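Values quoted throughout were computed directly from the atomic coordinates according to the rules given, and no laboratory measurement underlies them. Just so it is clear, the model here is predicted, and its values are computed rather than measured. Here the Cβ is made from the backbone with ideal geometry for all residues, glycine too, and neighbour counts use every protein chain on show.
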Amino acid sequence: MSKYETQEIQQEALRILDEYDINRVQEGLRVDDPLEGIVFIQNVGEISKNVTVVAKSTVVDGDITSTSPLAIRGTVNGNIITTSDIGINGLINGDIEAENIDFSHAAIKGNSKAVRSVNLGSQSVVIGDISGNKVTIDGKVKGNVLAVNSLYFKSSALMVGSVTAGGISTEDGSRINASITLTNKESEGFDDSEFDLEV
Amino acid sequence: MGIFEEKKSIAEPTGEVKMSTDIISEVAVVSSSTKIEGNIRTDGHLIVNGDVQGNVSSRGNLILTGNAFGEIYCESLLVETPESNADIIAEQNVIVKEGTVLKGNVHCKNITVLGTVVGDITATGSVVLKATAVVNGNVIAKRIGMENGAKLNGAVEMK
């Protein structure tokens, strides 16, 4: 190799090193178009550090387990378990377990179980069972609903299946075709004497 | 199409060139306390701070600070995880940060290594090994640049 060629290669190597300098990327400076994107998503990562986001165009084929909040806007074909909250604005083919579950424009084929509350928005459909301490339904459900404490059907609710709840309230407009079992103490412990007619 | 039917347009590693007019603003995040046992694919960017035991496919860029055990396909990739076991295909650039041990083969346009790569590197453009870089594997590249101190244990082929 001639001296000229060696120098040329060294200069080329230095140029490449400058062009893809990691320090410049870390400082957030524009180095190259693809790397600019990396800087951009690094910033986004800082903002949503503890939240798992399944973005709109994202598909997960498998189970998700987490101890932090989840925001599902895409599709998950698998079960989701988190000890924190979950907000769903996408498609789930699988079971869900969380502290609180909020469905908004969601389609679920599977069972949903919350330690505390389940909120099903008016544009959401669930084919499967729902259980929670407090359940609010303004969307469509085909399945069994268990609300340990209270169950509230809002005006857009459509429910087919069976309902077990501590207490139930319904708004005008809600459509319910379900067998209903109340488990609250007020509905137990009565006897026939309650029905004595004293005119 | 039924509501539960899967959309077919999600990023698959077809090798097609992304149009320069594409602006990807969507970012998916797998947080550090999250584990996915299966594959994840997206048309947007992706940040993996947690564990993915499966394949990862991103039409946009990918930042890997967690663990991925499978194949990775993306536009550009920044790896800053202590250890990762994944084969990588990147349409554009790959950066392996210092302190990272990447076990797997890498196919990309350009790569800058500051950490350790255990596997073969194939780059259609340039391979840059910074002073802290260690590569235990073969390198095929159009151009290669090495800083003083970089270690390369393998064969080099210039194409």
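Here are the numbers for this structure:
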item	result
Pairwise Lys count, the range B:27-158 - Cα closer than 25 Å, eight or more residues apart or different chains	15
P(r) histogram, all alpha-carbon pairs of the range A:75-199 included - 5 Å bins from 0, percent	3, 11, 21, 23, 16, 10, 6, 4, 3, 2, 1, 0, 0
Environment charge of B:Glu98, counting only residues whose C-beta is closer than 13 Å and scoring Lys/Arg +1, Asp/Glu -1	0
Spatial separation of Cα centroids for the range A:147-162 and the range A:54-94, in angstrom	24 Å
Residue exposure sequence - B:Tyr73, A:Tyr152 - by fewest surrounding Cβ within 10 Å	A:Tyr152, B:Tyr73
The range B:79-159: mean projected area of Cα convex hull, nm²	4.1 nm²
Per-residue Cβ neighbour rank within 10 angstrom, fewest leading, A:Phe195, A:Phe103, B:Phe69, A:Phe153	A:Phe195, B:Phe69, A:Phe153, A:Phe103
Test item: Cα-centred dipole of the range A:52-187, Lys/Arg +1 and Asp/Glu -1 on Cβ, debye	220 debye
The range B:30-159 - charge dipole about Cα centre, Lys and Arg +1 at Cβ, Asp and Glu -1, debye rounded to 20	320 debye
Per-residue Cβ neighbour rank within 10 angstrom, fewest leading, B:Met146, A:Met159, B:Met158	B:Met158, B:Met146, A:Met159
5 Å binning of all Cα-Cα separations within the range A:76-138, expressed as whole percents from 0 upward	6, 21, 35, 30, 8, 0
Potential extension, A:Asp192-A:Val160 segment - 0.36 nm per residue separation minus Cα distance	8.3 nm
